[in-house]
Amino acid sequence: MNFKCPFHDDKNASFSFKNNFFICYGCNRYGINKNIFFVKKFELYFDKKIINYAKYNLYLYKNFWLKYLLIRKINMITALNANLGCLNFNLKIKNINNILLNRLIFPILNENNILESIGIKNLSNKNKYLFFSKNNNFNLYGINSVKNNNFIIIVEGYFDLLTLKKNLIYNSISILGSNINCNIIINLLNKFKKIYFCFDGDLAGYSSDYIIKTKYNKFKKRIFSKTLPCNYDPDNYIKKFGIVSFLKYLKL
């Protein structure tokens, strides 16, 4: 099945995704993405009332996802600041029930705190993360809570970012994957003085790190890239070694 490409103004559903590999036959973007996502009509599924209700539902009712966050060592303040939510009952709204029921919801806001996209995590390994966007812009998860433009730390995942925010590293965002392109590099260079990429210790991470250090070498005084040791991501690295060790690893 094909979808509309999230990386360009796609009119013909040129985006194909299979076995964690994606390719767009329109703009020729391709790569590996561990966060499986689909772009659908945003307004059909979400509005402010639903997202706000999901946010408060996470705390007002005992549910699996609140326990899950605590097990992942994401405290309630961090979850609240990130507007995380869940819905564990049947909504009487067309097309909503099956999508949101018993999922953890990650609202993705732009710099003006306007809802641009939604990430959804379910319990199964199939389609573990779903992604819904109201436009084809490349969203930067966490950009709404960045404090200044001195520097930015770039990570791959939702929980990588939440762990950084929990440790008061507000100048951090997630690109929700490891794929890098010119548009995101230009976007970041226009926003921040220094950019620190931190990729997971896996094949996709090593590949993206290599791209940064070769293709964008001319920006080496402003763009820095590190790959974590094998099988580590920022989330589990920080939990094991601490935030100070993580920042030293990035040479911050």
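Here VAL146, VAL155 are screened, and the one residue that is touching a residue at least 40 places away in the same chain (Cβ under 8 Å) and under 19 Å from the mean Cα position of the chain (by Cα) is VAL155. Residues that are out of contact with any strand residue (DSSP E or B) (no Cβ under 8 Å at 6 or more places or on another chain) and among the small types (Gly, Ala, Ser) were ranked within the stretch 224-251; the one that is farthest from ASN75 (Cα to Cα) is SER245.
Taken over the stretch 209-252, the criterion of being among the polar types (S, T, N, Q) and modelled with pLDDT of 95 or more is satisfied by SER225, THR227, ASN236, SER245. For the stretch 229-252, taking the residues that are part of a helix (DSSP H, G or I) and in contact with a Gly (Cβ under 9 Å, 6 or more places away or on another chain), the one that is nearest to PHE199 (Cα to Cα) is identified as PRO234.
When ASN167 is tested against (1) under 21 Å from ASN83 (Cβ atoms); (2) within 16 Å of the chain's Cα centre (by Cα), just one condition goes unmet, and that condition is (2). The set of residues from the stretch 186-224 being closer than 19 Å to TYR249 by Cα, without any contact (Cβ under 8 Å) to a residue 24 or more places away in the chain and assigned to a helix (DSSP H, G or I) comprises TYR206, ASP209, TYR210, LYS213.
So is ASN183 without any contact (Cβ under 8 Å) to a residue 12 or more places away in the chain and closer than 23 Å to LEU115 by Cβ or not? Criteria not met by ASN183.
The values are calculated or read from the model by the stated rules, or taken from the named source; none is laboratory data. Note that the structure is a prediction, hence the values are computed from the model and not measured. Neighbour counts are summed over all protein chains in view; Cβ atoms, including those assigned to glycine, are modelled from backbone coordinates with ideal geometry.
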